[in-house]
Every structure is written in C-alpha cells, then in structure tokens.
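The values are calculated or read from the model by the stated rules, or taken from the named source; none is laboratory data. Everything quoted here is computed from the prediction, not taken from an experiment. Here the Cβ positions follow ideal geometry from the backbone for every residue, glycine too, while neighbour counts run over all protein chains shown. Protein only, heavy atoms only, side chains kept; ligands, DNA and RNA dropped before computing areas. Shrake-Rupley method; radii C 1.70, N 1.55, O 1.52, S 1.80 Å.
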Amino acid sequence: MPGMAKGDEASPGRRRGQGELESQVLSALRTAAGPATAGWVRQRLGGGLAYTTVVTILTRLHAKRAVTRTREGRSYVWSPVADEAGLAALRMRRVLDGEADRDAVLASFVSSLSEQDERLVRELLREAPPEAGGADPGGPGSGGG
C-alpha cells in the first residue's frame, strides 16, 4: 500500500488496529525497568513496526495522557501512566466528551449493562471519593440522584 512503511503489518494480509497497537505499546512500556525510548519499545514489539509508527503511537498515547514523556538529549523517554483498563477508560471518556447529549449517552450505556455490571458500577460510585464521583459535570438535570 502506498505510504505504508514496510513492517507495519501485524501479519501478511492483516493490519493491526490503532487500539491494538496502543495496547501492545503500553504492555511493552509496563515491562520496562524505567522510562524507555521508542527504539526500546520497537524492539520489545519484535521490530516489525517502523520506528516512526512507534513514535506516532507513543505521541497519541501521550495526548490521551496514558503515557508521560521526558526529554533526554534530542529525543524522549516514555513511561506508562495508564494500564489497559485505564486506556479503555480514557477511550470511553473521550467518546462521552465528544457527544452533545451526555445524559442520553450515559442513560443508554447504563441501560445496556448486565445486572452484574450495574451492581459493580453502583458499588464503585458508592466507594468513590466525593471529588472523583460526586461532581456533577453535566450540571442541572444530569441525573445525579
């Protein structure tokens, strides 16, 4: 394919999705003894990705606040902030933040939960500190009670 660097495919005929790559990069970073370079991450992933692809994924993860970066010389070293569950939560939050009718999105999401998941969400909300779960970002009428 034009514009695709050699080695950007997961296996012949199959491209990895962005979320899959992000998860793999985060997994690699979590195995590091400390902050890691993009080259180190690339090696841990088997070296099949272009260096620029790894840097792009790390930069996207940084924009999502899933990793931090510190300048070392002319490049960066990267550290994970979020695990895979945290990354999924960031994605969910990004979807919610992109919708105009937060109430409808949350109501639809909650109504689609299994009984077990609904119980878990209720328990987590009861245990959440007031500043984390008690805030009402939707303002009046957001269904906070």
*Which condition does Gln116 not pass, out of (1) in the same structural domain as Thr31 (by the TED database); (2) modelled with pLDDT of 95 or more; (3) more than 20 Å from the chain's Cα centre (by Cα), if it passes all the others?*
(1)
*Residues that are loosely packed, with under 15 Cβ neighbours inside 10 Å and part of a strand (DSSP E or B), drawn from region 55-78*: Thr68, Thr70, Arg71, Glu72, Ser75
*Condition broken by Arg42, with the remaining ones in (1) on the phi > 0 side of the Ramachandran plot; (2) modelled with pLDDT of 85 or more satisfied*: (1)
*Go through Ala85, Ala38, Ala28, Ala89 for me and flag whichever is of a type outside the set (Ser, Thr, Tyr) and over 15 Å from the mean Cα position of the chain (by Cα).*
Ala38
*asked:* Can you confirm whether Thr52 is open to solvent by 60 Å² or more (accessible area, probe 1.4 Å) and not in a helix (DSSP H, G or I)?
replied: no
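When you scan region 80-90, do you find a residue that is open to solvent by 60 Å² or more (accessible area, probe 1.4 Å) and part of a helix (DSSP H, G or I), even just one? Before you say what the answer is, go through the steps one by one.
Taking region 80-90 as the starting set, the residues that turn out to be open to solvent by 60 Å² or more (accessible area, probe 1.4 Å) are 81, 83-85.
After this cut, where a residue has to be part of a helix (DSSP H, G or I) as well, the list is 84-85.
Checked against the condition, which is being open to solvent by 60 Å² or more (accessible area, probe 1.4 Å) and part of a helix (DSSP H, G or I), region 80-90 yields at least one hit.
Restricting attention to region 94-113, and to residues there that are of a type outside the set (Asp, Glu) and loosely packed, with under 12 Cβ neighbours inside 10 Å, which single residue is nearest to the chain's Cα centre (by Cα)?
Arg94
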